[in-house]
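Okay, structure first, notes after.
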Amino acid sequence: MTVEDDIVHEVQQSLSRCTIHGKFFDRFCANFKAAHIPIPPLAGRQQKFLKEDLARLVMCAGDANLAHQGGIGQLNVPPQLSKFWIDALLATVRECDEKFTPELERKWRIVLTKGMAAAGKARLPA
């Protein structure tokens with residue numbers, strides 16, 4: 001089952017507003033590190049993968065067939081870090097999207113969860 005198109009569209013627009021913010025991926029990395037967990041720093045190439053993976057996760061939530069085209073998960077986030085990953089991502093969205101609301105956060109969580117499930121990547125945050 002996929003997420004309704006209007007929810008996916010809202011999250012895609014939120015992601016677009018965030019990525020216009022030139023520091024989105026740097027802020028995400030800082031927020032993820034702030035969780036006081038041992039993670040390696042994300043280099044520029046890994047940030048590119050993050051951007052691609054995030055866009056693909058959002059798309060996969062609306063179309064499960066996309067999950068099987070060109071796989072996601074270049075960053076190999078271990079499952080034990082998934083809560084921290086999602087929390088850091090949403091904290092960053094909160095900082096960078098001027099239209100962020102609790103309802104939009106709920107939609108982000110739905111999309112991330114469904115996108116990851118559609119991709120079938122247990123090693124990605126759930």
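The values are calculated or read from the model by the stated rules, or taken from the named source; none is laboratory data. Note that the structure is a prediction, hence the values are computed from the model and not measured. Methodologically, a virtual Cβ is constructed for each residue, glycine included, from the backbone with ideal geometry; neighbour enumeration extends over all protein chains shown.
Given the structure, is Ala30 at pLDDT 85 or above and assigned to a helix (DSSP H, G or I)?
Spelling it out, Ala30 is indeed at pLDDT 85 or above and assigned to a helix (DSSP H, G or I).
Mind listing whichever residues of segment 33-50 are at pLDDT 75 or above and surrounded by 13 or more Cβ atoms within 10 Å (Cβ to Cβ)?
Lys33, Ala35
Looking only at residues that are under 23 Å from Cys60 (Cβ atoms) and under 14 Å from the mean Cα position of the chain (by Cα) in segment 18-27, which one is modelled with the lowest pLDDT?
Among those that are under 23 Å from Cys60 (Cβ atoms) and under 14 Å from the mean Cα position of the chain (by Cα), it is Phe25.
Any residue in segment 11-28 that is farther than 12 Å from Thr92 by Cα sitting within a Cβ distance under 6 Å of a residue that is in a helix (DSSP H, G or I)? List the pairs, counting only those 6 or more apart or interchain.
Hits for this filter: Val11/Val58; Val11/Lys107; Val11/Trp108; Val11/Val111; Gln12/Val58.
Any residue that is part of a loop (DSSP other than H, G, I, E, B), under 13 Å from the mean Cα position of the chain (by Cα) and either surrounded by fewer than 17 Cβ atoms within 10 Å (Cβ to Cβ) or at pLDDT 70 or above (or both) - is there at least one of those in segment 94-110?
Within segment 94-110, none of the residues are part of a loop (DSSP other than H, G, I, E, B), under 13 Å from the mean Cα position of the chain (by Cα) and either surrounded by fewer than 17 Cβ atoms within 10 Å (Cβ to Cβ) or at pLDDT 70 or above (or both).
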